[in-house]
Amino acid sequence: MAGVWPCTKAERGYIPIMPGHSFSAQRKHAAFTLIELLVVIAIIALLAGMLLPALAKAKSKADDAYCLNSNKQIGVAIILYTGDYSEKYPAPINWGRNWGLSYQTPGATMWLPELVQPYIGTNNDIAISTAALKKGIWVCPAGLKSKDPMMTQAALLNNQTTYVWTHIYSRPGVGYVLNNPVSGRFTINVVNPSIATMIWEMPYWNQPLMPHHKGINTVHSDGSAWWYQGNPAETDWWAYHSWEGWE
């Protein structure tokens, strides 16, 4: 063709192939060098270091949401119960199985999960060993992950229930208010329903190890549920705050 100069094989990018070998066969002998492998490993480690904290934070938020949703369901169940029982709060044996038969409600034979079972379903998460503990409506996943050494045993003894009923509250400087329990009280006898706590969660006795960012979720007599910031100066949430809103 006029104006086009012929070119040599080298100019056309010709690559000689050894007799008896194909081009693809020669390429198969190529491999990563040690330096290249180390660089790849370093990049993967760097990415893992960046992603793992984000994943842990997302998991923590999921546990927070799961617990708060369970709390709201329990709150609704209690309100439905009061509507069917002359506007009275449930009157279980006491705070929960962890407390045995101490300060027992006269004539009571059931615990709170049993009393509200028609409104929220049966607590089918009963465990016989700490290894069998699992999250559920009555069990906070963050509570089970708490580093408090008493927590797993407390949840097991409480029939896999990490939540506590405000059977009798305490008032600072007074102690147990025995003459006016929450169990069996008329709903009209609440000073501030949006503050009065019906349910709180374990471990409530160790602020640094409380299940939700050094705080706990609480359920109130108006059915609301929200997060309560723990106080490092307080060794027992119940002793300081369980009376609030009831008086």
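Could you list, in sequence order, all residues of the range 158-205 that are of a type outside the set (Val, Ile, Thr), under 30 Å from Lys147 (Cα atoms) and touching a Gly at 6+ places or on another chain (Cβ under 9 Å)? Let's see the steps before the verdict.
First pass over the range 158-205, keeping only residues of a type outside the set (Val, Ile, Thr): 158-160, 163, 165, 167, 169-173, 175-176, 178-181, 183-186, 189, 192-194, 196, 198, 200-205.
With under 30 Å from Lys147 (Cα atoms) added as a condition, the list becomes 158-160, 163, 165, 167, 169-172, 175-176, 196, 198, 200-205.
Within the range 158-205, Asn158, Asn159, Gln160, Tyr163, Trp165, His167, Ala196, Met198, Glu201, Met202, Pro203, Tyr204 meet the criteria.
May I ask you to verify whether Tyr176 is of a type in the set (Ser, Thr, Tyr), surrounded by fewer than 17 Cβ atoms within 10 Å (Cβ to Cβ) and touching a Phe, Trp or Tyr at 6+ places or on another chain (Cβ under 8 Å)? Even if it seems obvious, please write down each step before you answer.
Values: of a type in the set (Ser, Thr, Tyr): yes; surrounded by fewer than 17 Cβ atoms within 10 Å (Cβ to Cβ): yes; touching a Phe, Trp or Tyr at 6+ places or on another chain (Cβ under 8 Å): yes.
Judged against the criteria, Tyr176 is a match.
Could you go through the range 136-154 and let me know if any residue there is at pLDDT 90 or above, in contact with a strand residue (DSSP E or B) (Cβ under 8 Å, 6 or more places away or on another chain), part of a loop (DSSP other than H, G, I, E, B) and closer than 21 Å to Ala65 by Cα.
Yes; the residues of the range 136-154 include at least one that is at pLDDT 90 or above, in contact with a strand residue (DSSP E or B) (Cβ under 8 Å, 6 or more places away or on another chain), part of a loop (DSSP other than H, G, I, E, B) and closer than 21 Å to Ala65 by Cα.
What number of residues within the range 100-153 are crowded, with 17+ Cβ neighbours inside 10 Å, out of contact with any Pro (no Cβ under 8 Å at 6 or more places or on another chain) and of a type outside the set (Val, Ile, Thr)?
Looking only at that region, the number is 6.
With the condition being closer than 30 Å to Met210 by Cβ and at pLDDT 80 or above, I'd like the helices (runs of 4 or more DSSP H) fully within the range 18-119 carrying at least 2 qualifying residues.
Details: elements: 23-27, 34-84, 112-115.
Ranges flagged: 34-84, 112-115.
Looking at Trp227, is it among the aromatic types (Phe, Trp, Tyr) and over 22 Å from Lys61 (Cα atoms)? Spell out the reasoning first.
Values: among the aromatic types (Phe, Trp, Tyr): yes; over 22 Å from Lys61 (Cα atoms): no.
No: the conditions fail for Trp227.
Filter the range 204-247 down to the residues that are part of a loop (DSSP other than H, G, I, E, B) and either of a type in the set (Phe, Trp, Tyr) or under 18 Å from Ser194 (Cα atoms) (or both) and list them by number. Give the derivation first.
So the first thing to find is which residues in the range 204-247 are part of a loop (DSSP other than H, G, I, E, B), and the list is 204-206, 210-214, 221-224, 230-236, 242-247.
Tyr204, Trp205, Ser221, Asp222, Gly223, Ser224, Ser242, Trp243, Glu244, Gly245, Trp246, Glu247, listed by residue number.
Conditions tested, residue by residue: (1) within 21 Å of the chain's Cα centre (by Cα); (2) farther than 19 Å from Pro90 by Cβ; (3) surrounded by fewer than 20 Cβ atoms within 10 Å (Cβ to Cβ).
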position: His167; (1), (2), (3): no, no, no
position: Thr197; (1), (2), (3): yes, no, no
position: Leu209; (1), (2), (3): yes, yes, yes
position: His212; (1), (2), (3): yes, yes, no
position: Tyr228; (1), (2), (3): yes, yes, yes
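The values are calculated or read from the model by the stated rules, or taken from the named source; none is laboratory data. Here the structure is a predicted model, which means the values were calculated and not measured. FYI the Cβ positions are ideal-geometry reconstructions off the backbone, even for glycines, and counts take in every protein chain you see.
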